[in-house]
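Q: One structure follows; several queries about it will come next.
The values are calculated or read from the model by the stated rules, or taken from the named source; none is laboratory data. Since we're looking at a predicted model, the values are computed, not measured. Ideal geometry is used to build each Cβ from the backbone, glycine not excepted, and the neighbour counts take in all protein chains shown. When the accessible area is computed, the model is the full protein with side chains, heavy atoms only, and any ligands, DNA or RNA have been set aside. Shrake-Rupley method; radii C 1.70, N 1.55, O 1.52, S 1.80 Å.
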Amino acid sequence: MLTTPDAALSDAALDRAIASAQGVLAGAQSADGHWVFELEADATIPAEYVLLEHYLDRIDAPLQARIGRYLRRIQGAHGGWPLYHDGRIDLSASVKAYFALKAIGDDPQAPHMRAARAAILALGGAERANVFCRFQLALFGQIPWRGTPMMPVELMLLPRWFFFNIWNMSYWSRTVTCPLLVLAALRPRARNPRGIGIRELFRQSPDTVRHWTRGPYRSLWGRVFKRVDDALRLVDPLTPKVLRRRAIARGVAFVEQRLNGEDGLGAIYPAMANSVMMFEALGVPADHPGAAIAWRSVQNLLVRHGEESYCQPCVSPIWDTGLAGHAMMEAAGGLSDLPRGESPQATGERLVAAGAWLRDRQVLDVKGDWAVQRPHLAPGGWAFQYRNDYYPDVDDTAVVGMLLHRQGDPANDQAIARARAWVVGMQSGNGGWGAFDVDNNHDILNHIPFADHGALLDPPTADVAARCISFLAQLGHAADRPVIERGIAFLQREQERDGSWFGRWGTNYIYGTWSVLCALNAAGVPHADPMVRRAVAWLLSVQRDEGGWGEDCASFEGAAPGRYNQSLPSQTAWALLGLMAAGERDHPAVARGIAWLTAAQERSGEWRELPYNAVGFPKVFYLRYHGYRMFFPLMALARYRNLGQGNSRRVAYGF
């Protein structure tokens, strides 16, 4: 832990810190104008990739050896694998990592394998793994198919008015589930040329397990749906073959329509891998255009570092470019004549290139799945990945829109107008925004046996709603005021008792509170408003003694909000940006936070951050954005400087 830094930071030291970080970020820009940094999850995705190669019998031994080194390095002291840095052991991730290492060739009697096996058995064995792990085990013949929840492929045929249909799921659930339904109907068996099995991870023979789906249930509905699951097992053999063939064809058509080139189905690994296995199960030749491009899309997610490799869950170029652009623009501001990084003109040229790159990736012609709820709304959003035209999201769209608007370039006007109309049209009935869909809040679906992860849906959340409000408020169209007011009312209802807001897509309450404070400031909510003062008080209350802020991913699992055993660059920056948005630029706590950030900066101009800083699905899947440790500290330092040199202490932008 760093010692408490001196809060009396000189202008020269601040400018040097900004210039150094700006130089690093400028150097990371690609020649075509965009930024992209690594996006790392836990052991699950690399392990699944290894198993996918064994499923297909396309084993790249040197690559698998590199992934093996990665998996061994991130194994926890508890013997298993956590979902995030220094986290507690996760049973399902550990089962997959052990399976992958055994497939790679690790001796089951090696110390690390014995430790993993003991840890898994102590947690109840592989029979207690989660649903997606059990599907993987069924594909490899390690458990009977009755060990997976009943998800008949005929779900593809259900009409929209039926409470359970694919359109009531979130985008990620829909793209993962549709090819999985086909796999569950066909029940293929992995090629698995080395015959690798993991029966030693079971406390009970899989053939004798009676209750694969068991509590604790999250509600009475969980017990009801368990009965429904039992009933479906009795009915399933009676399904007419013609109906099954029709449902399989519908599932295949869904996948083929959304293959998305080399960016893959949904541009997320689980959906892409399922599409690859689906084509294999259907007997589609590997060189068939659809099957071949699906396989390439998976391989595009691989990252190589020295002697290690791992597989990313997806890539984040739109998000990274938007965030990097905001940080670079803030760094180019200020009135100081002291030495700084590159000139504002040079940064402007970088941002012109980034803006052109972003405009080229705006989704203008494809009505994606969101149009099921908004059939008359014209497209105009951005996706998270290079291309994911069926699945743009309002969070990326708002961040990019604010960047393009702040540039003041007339070339951006049409893109901003299309984005504004799309964001307005994507507001849900309760005044908030979900990331990808409208009114995707049928919570009852999170209680079916298939949804043991509790993340089947994409309901409106405070952080996403805040970003949309920030964007619309920054644009300043009077016609959007009713939309903004409904959004603010949603945020008021979502505020926690302690004054914070939950962060659905970042870790966690610090992220959510920063997001909302930016929105309230942009929307003109007075800094003296009780909602704002409670949030400020909460942020001040969780500042660490050394001056920074940190929050454990365990806060998604019931741990204290806004607390961690160390300060982190990303979360310190979020807290500072939130406080400055609330009019607290001159508060001593802000000066201490800025001093901590500069003291934590390495000589290279970067910050070091190993703990995870974001979440895919709370309690299930966490993320480490490698770019966050650069974007947000630079933005916070530069904003602190710029507000101090200006005539107003009020943040003038939504982000």
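Rundown of residues vs (1) open to solvent by 20 Å² or more (accessible area, probe 1.4 Å); (2) aliphatic (A, V, I, L, M); (3) modelled with pLDDT under 95; (4) touching a Phe, Trp or Tyr at 6+ places or on another chain (Cβ under 8 Å), yes/no style:
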{"position": "R481", "(1), (2), (3), (4)": "yes, no, no, no"}
{"position": "I488", "(1), (2), (3), (4)": "no, yes, no, no"}
{"position": "R493", "(1), (2), (3), (4)": "yes, no, no, no"}
{"position": "W501", "(1), (2), (3), (4)": "no, no, no, yes"}
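Q: Against the condition within 30 Å of V400 (Cα to Cα) and in contact with a strand residue (DSSP E or B) (Cβ under 8 Å, 6 or more places away or on another chain), how does P317 come out, does it pass? Give the steps one after another, and end with the answer.
A: Details: within 30 Å of V400 (Cα to Cα): yes; in contact with a strand residue (DSSP E or B) (Cβ under 8 Å, 6 or more places away or on another chain): no.
So P317 fails the test.
Q: When only residues in the range 530-551 that are open to solvent by less than 10 Å² (accessible area, probe 1.4 Å) and of a type in the set (G, A, S) count, which is nearest to L520 (Cα to Cα)?
A: Only one residue fits best here, namely A535.
Q: Within the range 1-58, can you find the residues that are at pLDDT below 95 and among the acidic types (D, E)?
A: D6, D11, D15
Q: Hey, G195 hits all of (1) without any contact (Cβ under 8 Å) to a residue 12 or more places away in the chain; (2) open to solvent by 100 Å² or more (accessible area, probe 1.4 Å); (3) assigned to a loop (DSSP other than H, G, I, E, B) but one; which does it fall short on?
A: Result: G195 passes all but (2).
Q: Follow-up question, since we're still on this one. Considering only the range 420-462, how many residues are surrounded by 20 or more Cβ atoms within 10 Å (Cβ to Cβ), closer than 21 Å to G503 by Cβ and of a type in the set (D, E, K, R)?
A: 2
Q: Restricting to the range 477-502, count the residues that are in contact (Cβ under 8 Å) with a residue 12 or more places away in the chain, closer than 13 Å to L520 by Cα and assigned to a helix (DSSP H, G or I).
A: Residues meeting the conditions: 8.
Q: A further question follows. Output yes when any residue across the range 554-562 is at pLDDT 95 or above, closer than 18 Å to Y628 by Cα and in a loop (DSSP other than H, G, I, E, B), and no when none is.
A: yes
Q: Please enumerate the residues belonging to the range 255-277 that are assigned to a helix (DSSP H, G or I), surrounded by 20 or more Cβ atoms within 10 Å (Cβ to Cβ) and either β-branched (V, I, T) or on the phi < 0 side of the Ramachandran plot (or both). Can you show your working first?
A: Going residue by residue through the range 255-277, those that are assigned to a helix (DSSP H, G or I) are 255-257, 261-263, 265-267, 269-277.
Filter again for surrounded by 20 or more Cβ atoms within 10 Å (Cβ to Cβ), leaving 255, 263, 265-267, 269-277.
V255, D263, L265, Y269, P270, A271, M272, A273, N274, S275, V276, M277, listed by residue number.
Q: Is there a residue being buried (at least 21 other Cβ atoms within 10 Å of the Cβ) and not in a helix (DSSP H, G or I) anywhere in the range 396-419?
A: No: the range 396-419 contains no residue that is buried (at least 21 other Cβ atoms within 10 Å of the Cβ) and not in a helix (DSSP H, G or I).
Q: Continuing with this model, one more query. Tally up the residues in the range 609-633 that are over 17 Å from M402 (Cβ atoms) and either part of a loop (DSSP other than H, G, I, E, B) or of a type in the set (A, V, I, L, M, F, W, C) (or both), please.
A: Just the residues of the range 609-633 that are over 17 Å from M402 (Cβ atoms), to begin with: 609-630, 633.
Keeping just the survivors that are either part of a loop (DSSP other than H, G, I, E, B) or of a type in the set (A, V, I, L, M, F, W, C) (or both) gives 609-615, 617-621, 623, 626-627, 630.
So the count comes out to 16.
Q: Counting only residues that are outside any helix (DSSP H, G or I) and modelled with pLDDT of 85 or more, how many does the range 212-225 have?
A: Residues of the range 212-225 that are outside any helix (DSSP H, G or I), as a first pass: 212-219.
Subsequent filtering for residues that are modelled with pLDDT of 85 or more retains 212.
Within the range 212-225, residues that are outside any helix (DSSP H, G or I) and modelled with pLDDT of 85 or more number 1.
Q: Still on this structure, I have one more. Identify all residues within the range 346-385 that are in contact with a His (Cβ under 9 Å, 6 or more places away or on another chain) and not in a helix (DSSP H, G or I); write none if there are none. Talk me through it step by step, then tell me what you get.
A: First pass over the range 346-385, keeping only residues in contact with a His (Cβ under 9 Å, 6 or more places away or on another chain): 353-354, 357-358, 361.
If the condition is that a residue be in contact with a His (Cβ under 9 Å, 6 or more places away or on another chain) and not in a helix (DSSP H, G or I), then R361 is the only one that fits.
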